[in-house]
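Participant: First the structure, which I've put down as structure tokens, then a few questions once you've had a look.
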Amino acid sequence: MADQREVVIVRRPGRAPSARDGLAELLAAYHLQTQAEKGEAVAGVDGLPERYRVEIEDPQAVFVDDVVLLALSGNTSVGCLVVTAPVEGRSEVKRLWTDPAFRGRGIASSLVGAALAQAGESGVSAVRLSVWKWRAAAIALYEQLGFTVTESWDEREQLVCMERAV
């Protein structure tokens, strides 16, 4: 059995994530929790909006041009993050999620750090993200990592947009 304290961040550039990566399960947990926090809880993946279901059902197709970062404890995926392909000199960080059983170990910080490194390697000048305003701990983490609140590019209410130079 793998040492549960050791977590490694792996990149998936140049190839689509595999069904064996555990990404679909992490994305399902992320989207189900988000729906619940919005006050729109659903019983399972089938109740999610189609745009989220397709990420879970076929992450290989949805994220084919992006870099998927996975946090692994042994062979088990315990966290994920997606760095989008650059657009107009920026990449976006999306779908940051850590399995609740592994929280408090610096996994989210490590994933964001790896995302910033990936973005820097791809030549972007900035990384942006959006986060729901009720996710105060996530906002605090992003601020600790140098992100600042910026003008919104998304019309959804209660969404905080942040950006950081690379």
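Nothing in this text is a laboratory measurement; each read-out follows from the coordinates by a stated rule. Because the structure is predicted, anything quoted here is derived from the model rather than measured. Quick reminder, even Gly has a Cβ in these numbers, built from the backbone with ideal geometry, and neighbours come from all protein chains shown.
Participant: Which residue is surrounded by the fewest Cβ atoms within 10 Å (Cβ to Cβ), if the candidates are limited to the range 90-111 and must be basic (Lys, Arg) and farther than 15 Å from residue 6 by Cβ?
Facilitator: 103
Participant: Out of the residues in the range 32-73 that are among the charged types (D, E, K, R) and under 14 Å from the mean Cα position of the chain (by Cα), which is farthest from residue 112 (Cα to Cα)?
Facilitator: 55
Participant: Okay, next question. I'd like the full set of residues that are within 14 Å of residue 94 (Cβ to Cβ) and either touching a helix residue (DSSP H, G or I) at 6+ places or on another chain (Cβ under 9 Å) or outside any helix (DSSP H, G or I) (or both), limited to the range 107-146.
Facilitator: Result: 108, 112, 127, 128, 129, 130, 131, 132, 135, 138, 142.
Participant: Can you give me the number of residues within the range 64-89 that are of a type outside the set (A, V, I, L, M), surrounded by fewer than 17 Cβ atoms within 10 Å (Cβ to Cβ) and assigned to a strand (DSSP E or B)?
Facilitator: 1
Participant: Keeping to the range 95-106, report how many residues are closer than 16 Å to residue 137 by Cα and outside any loop (DSSP other than H, G, I, E, B).
Facilitator: Summing the residues that are closer than 16 Å to residue 137 by Cα and outside any loop (DSSP other than H, G, I, E, B) in the range 95-106 gives 6.
Participant: Just need a number here: residues in the range 97-125 that are of a type outside the set (Val, Ile, Thr), within 19 Å of residue 32 (Cβ to Cβ) and in contact with a Gly (Cβ under 8 Å, 6 or more places away or on another chain).
Facilitator: 4
Participant: Something else now. For the range 92-129, which positions are within 17 Å of residue 24 (Cα to Cα) and among the charged types (D, E, K, R)?
Facilitator: Within the range 92-129, 94, 95, 99 meet the criteria.
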